[in-house]
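Okay, structure first, notes after.
The values are calculated or read from the model by the stated rules, or taken from the named source; none is laboratory data. None of the values given here were measured: they were computed from a predicted structure. Here the Cβ positions follow ideal geometry from the backbone for every residue, glycine too, while neighbour counts run over all protein chains shown. The area values use the complete protein model at the heavy-atom level, side chains included, leaving out ligands, DNA and RNA. Shrake-Rupley method; radii C 1.70, N 1.55, O 1.52, S 1.80 Å.
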Amino acid sequence: MKQITFQCTLLSDVIINQRSASTGNQKTLDFIPGSNFYGIVANKFYQPFNEKDKSSLNEEMKTELFTLLHSGKLCFGDAHPALNGERALRVPAAMFYPKLGSIEECYIHHALTGLSQEEITKLAQKQLKQCRNGFYVFTEDGTGIPIEVNKTFAIKSAYDHNSRRSKDEQMYGYQSMDKGLSLIFHLTYDEKAISEPQLNKVTDLLNGKHRVGRSRTAQYGLVNIEKTSETSTITPVPFQNGKEVVVYADSRLIFFDDYHLPTFTPKATDFGFRESDKIVWEKSQIRTFQYSPWNYARQAYDADRCGIEKGSVVVIKLDDKGEIPPIYPYVGVYHTEGFGHVLFNPTFLCADGNGKACYKLLKKEKEESSSQPRIALLKDKEEPLLKFLYQKGETERILTIIYKEANNFVRTNKEKFAGKDQKEFAAQWGKIRSLATQCSNKEEIEEKLYTLETSYLTHGIAAEKWKESERLKNLTDFVDGMNKAIGKNNVPLAVINLASEMAKVCSRKNVDK
């Protein structure tokens, strides 16, 4: 088997619903299933043969179409988010991390065997939680880099063509993947069954701009697909008798039982192994899915697709006897639509003697404010409306910083203003607030409060009390910090907010409450 790599770039927001239902809360997938690319090629192949000239479809053409689209010899893989040309993988379900801790401290479920009672007790206290969502690029240096798939939710309304307005009581919501996302998928084929000209034909049909997902006739679904690398060869995976094989589901897996019904409990033979090999269920971590695919040609739903979700991990114990047949990384059914791709014994599922993962998953970086980059673009605009929007955004940013730092000051220093002088401090904070309202910048605040011998906090009764417990130093540090964060002209506003909060705290009967 051989494979070709393609890059898919979202030129607009794309909707790939998790369920085919048209009502209820609809969420989008964070990847593009291979069935979408399969549909692009199938539509191009069958388009010339419409209802009027089906007679032109001779036996040779039928054989070619069957080989390319229906024989399973050509597999369209799922498109996952990419980072620097590397295709990401769904976080393995066998990875666990402490519930109140960081994902950087990760454990491998099937490696947590043979531990001492003391180690088991420590792990129980950490309350390990399963990793379920997100994509990671696993690098050669033992790091898992997260990739964020940004999504947008929009409210839409059905259109009444007769009255040429929105229909009453026909509103619905769409969640979509944001445009600009780069994804990578693989096209896998059997070089013995598919010739080079046939493969080139499929590649040409995939290259270029296409529409995928829901609401393609509106503003959604535009993507650009292009081939990115040369053809590579996939060889069978060798195994040793008596060993355990870890199988990672890179794509969703669907298996049929002996009665040709979907099953969530496959056998080792479904993965290409022998009858004597057994799945170790207590070491496996399996998540499932179910949905009904919509058949556009028949205008009806197909049978439910029930299977094992991507990211699941299955552990198989190999028998000591007999020869293991060559195994390719495709299992189950519906390979053409992107189902069935697995990885055997991947390095990112290795662990040390204590069950801790050898790979370190990095935490996702949280953006301070999703609107900040857009606000910054308005800074140098001359239009009055854009200037107004920039000022509103800056005001919100400054207030957020002030509230955060004022709350930190109150939480850290409120105990220093407790005790028998508590009411006196409340009055002094009220005076500080009054003085701050008369100032327009940092220098005036400092002169009014503490830089001069006649300043409010450096003479009289207040001076001695504010020197104690570094009360005055804490206030000056707050003022200097606000000067760096929001500028000297906004320092009076910060002091006003701080003094108001501290006056409330000191007015209470018990500061600790």
Item to check | Förster-model FRET efficiency, 51 Å R0, residue 386 and residue 118, C-beta, rounded to 0.05 | outcome: 0.20
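When the accessible area of the range 120-168 is split by element with a 1.4 Å probe, what percent falls to carbon and sulfur?
The C+S portion of the solvent-accessible surface of the range 120-168 is 44 percent.
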Checklist entry - Of the beta bridges DSSP finds with both residues in the chain, what % are antiparallel, to the nearest 5? => result 95
Checklist outcome for this item: Applying the gyration tensor rule to the Cα atoms of the range 185-332 (axes a ≥ b ≥ c; rounded if a/c under 1.5, else prolate if a/b exceeds b/c, else oblate), the class is oblate
Item to check | By average C-beta atoms within 10 angstrom, highest first, the peptides 151-159, 395-403 | outcome: 395-403, 151-159
Item to check | HN-Hα J in Hz across the range 246-262 - Karplus 6.51, -1.76, 1.60, θ = phi - 60°, x for Gly and Pro | outcome: 9, 10, 9, 7, 6, 10, 6, 10, 10, 10, 10, 8, 5, 9, 6, 10, x
Item to check | Gyration tensor verdict on the range 202-249 (Cα atoms; rounded if a/c is under 1.5, prolate if a/b is larger than b/c, oblate otherwise) | outcome: oblate
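What percent does the relative contact order of the chain come to when contacts are Cα pairs within less than 8 Å and at least six residues apart? Numbers along the way, then the final one.
Numbers: 940 pairs, mean separation 96.0, N = 513.
This gives 19 percent for the chain.
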Checklist entry - Taking H as built 1.01 Å from N, whose amide H comes closer than 5 Å to the amide H of residue 327, not counting residues under 5 places away? => result 237
Item to check | Sites residue 508 and residue 158, calculated FRET efficiency, Cβ-Cβ separation with R0 60 Å, nearest 0.05 | outcome: 0.60
Next on the checklist: Going by average Cβ density within 10 Å per residue, which order do the peptides 444-456, 122-134, 1-13 take, highest to lowest?
Outcome noted: 1-13, 444-456, 122-134
Checklist entry - Taking the Cα-to-Cβ direction at residue 145 and at residue 44 and moving 7 Å from each Cα, how far apart do the two end points lie in nm? => result 3.1
Checklist outcome for this item: Given 4 °C, 1.567 mPa s and a Kirkwood radius over Cα pairs, the Stokes-Einstein diffusion coefficient of the range 222-294 in µm²/s is 81
Checklist entry - Along the charge dipole of the range 128-251, Cβ charges K/R +1 and D/E -1, which of 138, 170, 184 sits furthest on the positive end? => result 170
Checklist entry - Which distance in Å, rounded to a whole number, links the C-alpha centroids of the range 428-465 and the range 132-156? => result 51
Checklist entry - Within straight cross-link reach of residue 62, meaning Cα distance under 28 Å, which lysines are found once same-chain residues fewer than 8 apart are removed? => result 2, 44, 52, 54, 73, 192, 201, 209, 227
Next on the checklist: What are the ³J(HN,Hα) couplings of the range 332-338, residue after residue, when phi is run through the Karplus curve with 6.51, -1.76, 1.60 and θ = phi - 60°? Round to Hz, x for glycine and proline.
Outcome noted: x, 10, 6, 4, 4, 8, x
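Provide the per residue accessible area, probe 1.4 Å, for the range 196-301, rounded to a whole number of square angstrom.
Dividing the accessible area of the range 196-301 by its residue count gives 59 Å².
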Item to check | In order through the range 274-286: 3J(HN,Hα) via Karplus (6.51 cos²θ - 1.76 cosθ + 1.60), integer Hz, x for Gly, Pro | outcome: 8, 5, 6, 7, 10, 7, 8, 5, 5, 9, 8, 10, 10
Item to check | Long pairs among 243/283; 122/283; 122/360; 27/360, criterion Cα-Cα beyond 23 Å | outcome: 27/360
Checklist outcome for this item: Excluding ligands, DNA and RNA, the carbon-plus-sulfur percentage of the accessible area of the range 410-513 with a 1.4 Å probe reads 47
Item to check | Shape category assigned to the range 414-460 from the gyration tensor of Cα positions, a/c cut at 1.5 | outcome: prolate
Checklist outcome for this item: A 1.4 Å probe over the protein heavy atoms gives the range 241-325 a carbon and sulfur accessible-area percentage of 50
Checklist entry - So how far apart, in nm, are the two label points at residue 414 and residue 229 if each is 7 Å from Cα heading toward Cβ? => result 5.7
Checklist entry - If the cut-off is 26 Å between C-alpha atoms, which lysines fall inside it for residue 416, apart from same-chain ones fewer than 8 positions away? => result 404, 431, 442, 448, 465, 467, 473, 484, 504, 509, 513
Item to check | Accessible area in square angstrom per residue, the range 81-168, 1.4 angstrom probe | outcome: 60
Checklist outcome for this item: Surrounding charge for residue 71, neighbours by C-beta under 11 angstrom, Lys/Arg +1, Asp/Glu -1, total -1
